[in-house]
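The values are calculated or read from the model by the stated rules, or taken from the named source; none is laboratory data. Treat the numbers as computed from the prediction; the structure is a model and nothing was measured. Here the Cβ positions follow ideal geometry from the backbone for every residue, glycine too, while neighbour counts run over all protein chains shown.
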Amino acid sequence: MPGTNKNINRFTLLLALVAGYSDTATFMGADGTFSAHVTGNFIVFAAQAVFHSDRMAWVKLITFPVFVAAVITGGWLAAKSGKKRLLLCESLLLIMAGILAYALKENSWYKYGVVMLMVFAMGLQNTLGRLFPAEMFGPTTVMTGNVTQAALDLRNLVIGKPAEKSISRQNLKKQSILLGGFLAGCLFGGLITRGIGLASAVLPGIFILAAWFFEKQPERS
């Protein structure tokens, strides 16, 4: 069964923050690579390949099979043990990525392995959103659809009918949690990654681990 509205608020905010944080961390720490919004890697790869600005641009294409493998694995984990196992695996991957980044910082190749761990973690989070939609207010890793919905709700709030305005007002509150959480995560991730590099992945891993610890409903909703 879905949690209370208060629990959904917290869970949605946490996941959106983690996604924004992780995306910004890998973008800053690994030559413009996205870990949550992996389709963005198509664009970055194409730009770098055309302008020959990064001879390792091809690595960005590896994020796609890694992401697909994560989703397949996430579906299997959810079928076996519900969302708690997904949360635990995501947290451990992010923490492992941060530890490896700290331990291997002298190795210029380390960042690619770290990024793939973070991509896998975000793939699990994407799976979580797909399989347990009642546990959050919308997708937490890709904001384009959320911005579109917020724009439509804003339009209804201005010129819609009374019934539409009431629904849109509620929807805007939900979208503000998603968008605000993601933006906060981007800013936070940017600041921390600027200081310590990809070792910053430990923090969102700890956040997810806390969510796993306090999660009371392992059953699939």
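Consider only pairs whose beta carbons are under 6 Å apart and that are at least six residues apart or on different chains; among these, list those whose first residue lies in segment 4-25 and is within 10 Å of Gly189 (Cα to Cα) and whose second residue is among the β-branched types (Val, Ile, Thr) and not in a helix (DSSP H, G or I).
That search, which allows pairs on different chains as well, returns Ala19/Thr140; Ala19/Thr141.
Select, from Asn126, Asn156, the only residue that is closer than 29 Å to Thr73 by Cβ, touching a Ser or Thr at 6+ places or on another chain (Cβ under 6 Å) and either of a type outside the set (Phe, Trp, Tyr) or exposed (fewer than 14 other Cβ atoms within 10 Å of the Cβ) (or both). Before you say what the answer is, go through the steps one by one.
Working: Asn156 fails: closer than 29 Å to Thr73 by Cβ.
Going through Asn126, Asn156 in turn, just one is closer than 29 Å to Thr73 by Cβ, touching a Ser or Thr at 6+ places or on another chain (Cβ under 6 Å) and either of a type outside the set (Phe, Trp, Tyr) or exposed (fewer than 14 other Cβ atoms within 10 Å of the Cβ) (or both): Asn126.
For segment 16-56, how many residues are buried (at least 18 other Cβ atoms within 10 Å of the Cβ) and over 23 Å from Arg194 (Cβ atoms)?
So the count comes out to 1.
Please report, ordered by residue number, the helices (runs of 4 or more DSSP H) entirely within segment 74-173 with at least 3 residues that are without any contact (Cβ under 8 Å) to a residue 40 or more places away in the chain and among the β-branched types (Val, Ile, Thr). Spell out how you get there, then give the answer.
Details: elements: 83-103, 110-131, 144-159.
Because the criterion is at least 3 residues that are without any contact (Cβ under 8 Å) to a residue 40 or more places away in the chain and among the β-branched types (Val, Ile, Thr), the helices (runs of 4 or more DSSP H) in segment 74-173 that meet it are 144-159.
Hey, can you tell me all the residues within segment 75-104 that are crowded, with 23+ Cβ neighbours inside 10 Å and touching an Asp or Glu at 6+ places or on another chain (Cβ under 9 Å)?
Passing the criteria: Lys83, Leu87.
For the structure I just gave you, tell me whether Leu93 is modelled with pLDDT of 95 or more and within 13 Å of Ala19 (Cα to Cα).
Working: modelled with pLDDT of 95 or more: yes; within 13 Å of Ala19 (Cα to Cα): no.
So Leu93 does not fit the description; no.
Any residue at all in segment 59-72 that is polar (S, T, N, Q), assigned to a helix (DSSP H, G or I), under 25 Å from Met136 (Cα atoms) and out of contact with any strand residue (DSSP E or B) (no Cβ under 6 Å at 6 or more places or on another chain)? Step through it out loud before you land on a result.
Within segment 59-72, the first condition is being polar (S, T, N, Q), and the residues that meet it are 63.
If we keep only those that are assigned to a helix (DSSP H, G or I) too, we end up with 63.
The next check asks that each one be under 25 Å from Met136 (Cα atoms); those that pass are none.
For segment 59-72, residues polar (S, T, N, Q), assigned to a helix (DSSP H, G or I), under 25 Å from Met136 (Cα atoms) and out of contact with any strand residue (DSSP E or B) (no Cβ under 6 Å at 6 or more places or on another chain): absent.
Could you please give the count of residues in segment 179-197 that are of a type in the set (A, V, I, L, M, F, W, C) and under 16 Å from Gly98 (Cα atoms)? Walk me through how you get there before you give the answer.
Going residue by residue through segment 179-197, those that are of a type in the set (A, V, I, L, M, F, W, C) are 179, 182-184, 186-188, 191-192, 196.
With under 16 Å from Gly98 (Cα atoms) added as a condition, the list becomes 188, 191-192, 196.
Total meeting the criteria: 4.
Name every residue in segment 109-133 that is small (Gly, Ala, Ser) and under 15 Å from the mean Cα position of the chain (by Cα), in order of residue number. Please lay out each step first, then the result.
Looking only at segment 109-133, we keep the residues that are small (Gly, Ala, Ser), and these are 113, 121, 123, 129.
Of everything in segment 109-133, those that are small (Gly, Ala, Ser) and under 15 Å from the mean Cα position of the chain (by Cα) turn out to be Ala121, Gly123, Gly129.
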